[in-house]
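Below is one structure; the comments refer to it alone.
The values are calculated or read from the model by the stated rules, or taken from the named source; none is laboratory data. It should be emphasised that the depicted structure is a prediction, and the values quoted were computed from it without experimental measurement. For accessibility, only protein heavy atoms count, side chains too; no ligands or nucleic acids. Shrake-Rupley method; radii C 1.70, N 1.55, O 1.52, S 1.80 Å.
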Amino acid sequence: MFYRENGQFKSTYREDQQILGIRQDRWFIFGLIAFALLVVPYWGSDYMFRAILIPFLIVSLAAIGLNLLVGYCGQISLGHAAFMAIGAYAAYNIVVHFPGLNFIVVLVLAGLVSALVGILFGLPSLQIKGLYLGVATLAAQFFVDWVFARVKWFTNYSSSGGVSTAPVEMFGWTIDTPMEKYVFILVVVMVFTLMAKNLVRGHIGRSWMAMRDMDVAAEVIGIRPMYAKLTAFAVSAFYAGVAGAMWGFLHLGSWEPAAFSINFSLNLLFMIIIGGMGSILGSFIGAAFIVLLPLALSQALPLLNNLGLKVDTAMASHLEFMIFGALIVFFLIVEPLGIARLWAVAKEKLRLWPFPH
Amino acid sequence: MRPRNIGDVILDVKNISLSFGGVKALQNISFDVKEHEVRAIIGPNGAGKSSMLNCINGVYHPQEGEIVYQGEVRRDMDTHHAAESGIGRTFQNLALFKGMSVLDNIMTGRNLKMKTGILAQALHLGPARAEELREREFVEHVIDFLEIQAYRKTPVGRMPYGLQKRVDLGRALAAQPKVLLLDEPMAGMNMEEKQDMCRFVLDINDEFGTTIVLIEHDMGVVMDISDRVVVLDYGRKIGDGTPEVVRNDPEVIKAYLGVGH
Ligand SMILES: Nc1ncnc2c1ncn2[C@@H]1O[C@H](COP(=O)(O)OP(=O)(O)OP(=O)(O)O)[C@@H](O)[C@H]1O
Ligand SMILES: [Mg+2]
């Protein structure tokens with residue numbers, strides 16, 4: 001067995017505080033990054049970039065954002081796609097009014113706009129919890145849907161109500177092939193993942209988790225609930241906003257308000273439930289699941305038909321819902337911390353092997 | 001008897017009344033706490049002891065009275081101000097952060113001392129990193145002091161009850177409080193665990209000079225470690241003085257010591 005901690009001792013607190021404390025984890029992650037950055041771009045097909053990797057990465061980013069709020073800070077948001085919509089439309093308007101602005105700047109500004117709105121919709125969390133907060137965030141979703149469908153200014157008075165974007169440019173580089181989009185998104189997602197990891201291991205992350213686990217004790221320690229909750233809403237909405245802007249510009253290219261509907265919001269929630277609440281890794285696992293399952297099912301169709309089972313496309317999409325439903329119920333009841341938790345337990349067993357005590 | 005150098009009054013509770021609807025939890029309670037002393041609050045179940053601590057650190061807001069802390073007069077406390085001005089607290093029913101490790105629980109107790117902004121933390125810039133390491137070092141002292149080194153990375157929920165109580169104490173200690181409010185720190189412990197906890201409380205008092213306000217049911221413990229005792233019964237104060245005085249007070253004996261002791 002190669003995965004273990006035996007014989008790896010930490011002599012400084014700094015070593016102990018590393019994100020990837022175990023050598024094998026470090027190698028694995030660096031290997032994965034090298035593979036994703038150096039091998040995949042040459043080897044992947046356009047279909048793979050467009051249908052799998054790009055949506056997977058962007059949706060992972062949004063799921064991380066939602067996980068910071070729900071999994072780490074214990075607040076609920078049923079309308080997180082609304083913040084993606086805000087990011088997307090903010091980016092669209094910034095590009096319309098300031099053409100030629102570096103896209104990275106556009107992304108950051110879009111994230112900031114979304115963060116501001118996030119703070120606004122986070123205000124109810126100071127008074128209400130749980131189900132009632134859920135309903136308040138749902139109201140945010142419908143309000144935002146309504147605004148982008150009705151207020152023509154946001155869509156630059158386009159007659160159809162939809163908006164379309166030109167290829168993204170920065171530093172004289174035009175990102176137009178799926179491969180280039182993939183590389184750009186990958187780098188953005190890596191940077192934001194690292195930042196999320198840093199936040200949750202810093203004192204701000206601890207104050208979020210303290211609010212989640214025992215709010216009275218957190219207050220007694222001196223944590224301000226308002227600060228903890230609103231920063232969680234802001235950061236979470238920032239992530240969603242950046243993800244939304246990339247979804248609009250790099251994945252869809254042109255979109256209608258319905259692109260960021262309640263269905264999208266619920267999918268994000270499913271991702272973190274299945275992948276793992278309070279886990280960055282879990283956000284990726286959940287996103288992979290939700291993106292890949294429909295594809296896997298459609299691939300499996302001919303196979304099932306060959307086996308003599310008559311499954312048509314309609315049936316397959318029902319099957320998709322049934323599998324999601326079953327998994328969500330399973331994880332909510334049996335393992336609320338999701339696949340990431342199952343994975344962590346397995347790792348912990350291995351980690352001390354061969355001396356479990 | 002341990003050598004004592006009790007100082008001036010650091011906390012003065014004046015005419016506090018608190019009620020929940022019809023329930024009068026505290027009625028016109030006054031007492032003071034002197035610097036460096038161990039002050040016990042005793043009384044039967046439901047006497048209002050926990051409510052008293054909750055008023056002192058701003059979890060509850062009394063309808064009447066005032067609290068004078070370090071010379072500053074306040075109608076009532078708010079939790080943030082209490083924490084910031086050095087009032088620490090443990091809980092009668094464990095209130096640990098269940099999803100976090102022992103280390104993170106105690107680190108969170110140190111959060112007030114940590115000031116770097118969100119962006120610096122997200123980017124893990126020099127100041128944020130240095131701050132994290134510096135405070136970690138302090139927290140490690142707390143962990144050593146409480147002898148829970150072996151549990152550093154254990155999720156608190158998986159520890160035995162007695163050790164969870166220690167983590168609760170560690171979380172409060174991490175903020176280096178001037179006044180430490182302990183709500184039944186030894187409840188539900190066996191003899192040995194109680195002795196350990198007693199030793200920690202006395203060491204905190206001796207080594208750091210921390211003023212201690214302690215709620216405890218075990219009269220032996222109270223008589224052993226406290227300098228002065230307040231007795232509450234049904235929200236009223238019925239006794240106040242040294243352990244000897246209180247022990248011999250007829251009203252106290254009738255209301256409290258008489259039953260079951
Ligand atoms: N948050 C609250 N809401 C309503 N009533 C409360 C609340 N907190 C305390 N009380 C009431 O105030 C009275 C005093 O309670 P308190 O918890 O202060 O007693 P205590 O002396 O700590 O008792 P114990 O020894 O059981 O811990 C009780 O009658 C209790 O029911
Ligand atoms: Mg009590």
Name the residues of the range A:169-213, by number, that are at least 10 Å² less accessible with every protein chain in place than in the isolated chain; the surface is that of heavy atoms, probe 1.4 Å, without ligands or nucleic acids.
-> A:M195, A:N198, A:L199, A:R201, A:G202, A:H203, A:I204, A:R206, A:M209, A:A210, A:R212, A:D213
Give the carbon-plus-sulfur fraction of the accessible surface of the protein assembly as shown in %, rounded to a whole number; probe 1.4 Å, heavy atoms of protein chains only.
-> 63 percent
From the P(r) of the range B:98-176, can you give the percent of Cα pairs sitting at distances over 18 Å?
-> 40 percent
For chain B, modelled as a Gaussian network with Cα springs under 10 Å, which listed residue fluctuates most, B:L125, B:L103, B:L163?
-> B:L125
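A 29 angstrom limit on the alpha carbon distance is what I want to check against. Which of B:K34/B:K165; A:K129/B:K194; A:K129/A:K197 exceed it? Let's see the in-between values first.
Details: B:K34/B:K165 26 Å; A:K129/B:K194 38 Å; A:K129/A:K197 26 Å.
Distance filter (> 29 Å) returns A:K129/B:K194.
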Principal axes of the range A:60-172: Cα extent on each, largest first, Å | 46, 32, 20
Taking the C-alpha atoms of the range A:111-199, convex hull volume expressed per residue in Å³ | 168 Å³
Which order do B:V156, A:V187 take when ranked by solvent-accessible area (1.4 Å probe, heavy atoms of all protein chains), largest first?
-> A:V187, B:V156
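To the nearest 100 Å², how much accessible surface do chains B and A hide from each other in total, with a 1.4 Å probe?
Using a 1.4 Å probe on protein heavy atoms, the buried area is about 3100 Å².
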Take every Cα pair under 8 Å in chain B that's 6+ residues apart, average their separations, divide by the length, and report that relative contact order as a whole percent.
-> 26 percent
Out of residues 5 or more away from A:V168 or on other chains, whose amide H comes under 5 Å of its own, with H placed 1.01 Å from N in the peptide plane?
-> A:I175
Which residue, A:A232, A:A259, A:A149, has the most motion in a Gaussian network model of chain A that connects Cα atoms within less than 10 Å?
-> A:A149
For B:K115, counting only aspartates and glutamates whose alpha-carbon sits under 20 Å away and dropping same-chain residues fewer than eight positions off, the answer is A:E219, B:E84, B:D104, B:E131, B:E132, B:E135, B:E137, B:E140
What percent does the relative contact order of chain A come to when contacts are Cα pairs within less than 8 Å and at least six residues apart?
-> 30 percent
Give the Cα extents of the protein assembly as shown along the principal axes, in whole Å, largest first.
-> 88, 60, 52
Per-selection Rg to Rh, the range A:42-84 - Cα, Kirkwood hydrodynamic radius = 1.17
Gyration tensor (Cα) of chain B, equivalent ellipsoid semi-axes in angstrom | 32, 21, 17
Once the mean 1/r over all distinct Cα pairs of the range A:209-357 is inverted, what Kirkwood radius in angstroms do you read off?
-> 18.6 Å
Using alpha-carbon coordinates alone, the radius of gyration and Dmax of chain A in Å work out to 21.2, 69
Which angle from 0 to 90°, rounded to the nearest 10, does the C-alpha axis of helix B:191-208 make with the longest principal axis of chain B?
-> 80 degrees
Any idea what diffusion coefficient the range B:1-70 gets from Stokes-Einstein, in µm²/s, Kirkwood Rh on alpha carbon pairs, 37 °C, 0.692 mPa s?
-> 252 µm²/s
State the extension gain, in nm to one decimal, for the chain segment bounded by A:R14 and A:L307, taking 0.36 nm per residue of separation less the distance between their alpha-carbons.
-> 99.8 nm
Convex hull over the alpha-carbon atoms of the range A:239-304: what's its volume per residue in Å³?
-> 118 Å³
Give the angle, between 0 and 90 degrees and rounded to the nearest 10, that separates the Cα long axis of helix B:161-173 from the longest principal axis of the Cα atoms of chain B.
-> 80 degrees
Sum of -39500 (n - 2.57) over DSSP H runs of 4+, divided by residues of chain A (222 nm, nearest 500) = -21500 deg cm²/dmol
Calculate how large, on average over all directions, the projected area of the Cα convex hull of the range B:125-232 is; give the answer in nm² to one decimal.
-> 8.1 nm²
